[in-house]
Structures are given as C-alpha cells and as structure tokens.
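Read the figures in this text as sums done on the coordinates, not as results from a lab. All figures in this text were calculated on a predicted structure; none of them were measured in a lab. Virtual Cβ from ideal backbone geometry, glycine too; neighbours counted across all protein chains shown.
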Amino acid sequence: MARAAQAVGRNPNDVRLIAVSKNFPVSDLEKAYRCGQVSFGENRVQELQEKWKGSAHLDIEIDWHYVGMLQRNKVRFIIGKVSLIHSVGSIRLMRTIERLAAREDIVQDVLLQVNVSGEETKQGFDPEQVEDTLLQCRECPHVRVHGLMTMAPYYEDPEKARPVFSQLRELRDRLISRGIVPDLPELSMGMTNDFEEAIEEGATMIRIGSAIFGNRYE
C-alpha cells in the first residue's frame, strides 16, 4: 500500500485498509486487531450481526463496514452498527436507510456504488445517474454520502482494471467541480488483485480479504 501511494506522490496515511473477513471467525479478527487492524468489512448481514455480537465480548473496538449487496429488508439489522455502508446502489435503498436512521435519530454514512464497468452482474448506479442521485440525497438528512465505491472486473492482469478506477475518480472530480456536492472524500475501490492500481488512481479505501486472511471456504 505504501509503495503504491508513494509511487504517485500520495501520502500512504491517506489510504485506509478495510479487512474483509467473510467466512472467517471472530478469533481471526481479534488476531488482526491485535496487530493494529481496526476497520473490518462484511458483505453478509447475518454474518456481520454474529460477529458484531461476538466481538462485543472481547476487549476490542472494531470499526465495522458493510461492503456487500444490501437488501432493503435487512437494513434494519445494520443501522447504527456500521460506520459506513459502501454499497448503496439505488434510490429505494437510500430512502430505506433514511427512514430507519431517522427512527434511530442517527446519521448513517454511506457510499454510492457505481457500476463503472457496465457489467450486468455488478450492482450500482450507472455513472450518468450519480448526479441526480446526489441531488435526491439532499432530501435525506439522516444519510450522509461520503463518497463513491466501485468494483472492477477481475483480470489476471490488474493493469486492465486501472481505467475503471480512474473513471470513478474523474466522475467524483466532475461532480465536485460542477458544485453538485462540496466534497466526496472517499473512493472505495481495489481488492486483493488490483489494490495497487486502485491506490495509484486515487483510492482512499481498499477492501482486502484473501491477502490478509487466506483463501475462503464457502
């Protein structure tokens, strides 16, 4: 991470590691926490609930992130438990988060998921929808959009993912320059195979699982 940031003149401290602990027990999270890792991501609501409860009995304070596809009927299980939802990909989901956050009298931080690559299997807004979405978000005072997230296709050669990351950064910069929002500080992009390219293109958060915990078993 540090080498990738320094290669393009960035401060390595400006990039945060989100350790994605899918299918690994709380004991593995605790080991990573004792080594200095604080932010952990989950992409299944039930697993996050179980780990949230399990970690509460330990002497650790985890910064939880939700990074997977989120169904509207499961939002209530993570509101107030996660510091950031990375995967808001529809207005309907945004409004559900607003309603439930208002009920809890909190402001929930989120990222808008953008399907930069246009893959049918990927969730998220089309890039041209993001401006209108941000305008509609002004009607949601209990939701704070902190930035954008994307997932690049998997390539054996991670250099091929670079255009996806650069396009997300350029989209963010256009939205700010046009005054749609004052700032969108977070760009969540890059995983184990392509995080260096993502950092070089401006990622502020990378989501790493297997490079930390090893191979997963479903």
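Students often get this wrong: which residues of the stretch 57-92 have the backbone nitrogen under 19 Å from the point 7 angstrom along Cα-to-C-beta of residue 46? 66-79, by backbone N distance to the label point.
The slack between residue 99 and residue 3, meaning 0.36 nm per residue of separation minus the straight C-alpha distance, is 30.3 nm. Lysine pairs, Cα distance under 19 Å, 8 or more residues apart or cross-chain: how many in the stretch 2-213? For the stretch 2-213, the number of qualifying lysine pairs is 13. Rounded to the nearest 500, the 222 nm mean residue ellipticity of the chain from helices alone is -9500 deg cm²/dmol, with -39,500 (n - 2.57) taken per DSSP H run of at least 4 residues. Set the Förster distance to 22 Å, then compute FRET efficiency between residue 107 and residue 192 from the Cβ-Cβ distance, nearest 0.05. About 0.10, to the nearest 0.05. The chymotrypsin sites (Phe, Trp or Tyr not before Pro) found in the stretch 185-218 that occupy coil by DSSP, while having at most 10 further C-beta atoms within 10 Å, are 217. Just checking my list (1) 47, 45, 32; (2) 43, 36, 29; (3) 43, 37, 34 against Cα extents along the principal axes in Å computed from this structure; which label fits? Given (1) 47, 45, 32; (2) 43, 36, 29; (3) 43, 37, 34, the structure-derived one carries the label (1). Loop-located trypsin sites (Lys or Arg not before Pro) in the stretch 139-218 (DSSP state other than H, G, I, E, B) with a sparse environment of at most 15 neighbouring Cβ atoms within 10 Å: 178, 216.
Taking 0.36 nm per residue of separation and subtracting the current Cα-Cα distance, fully stretching the chain between residue 16 and residue 170 would add 53.4 nm. Of the GluC sites (Glu not before Pro) found in the stretch 17-104, those that fall in a DSSP loop while having at most 13 other beta-carbon atoms within 10 Å are 61.
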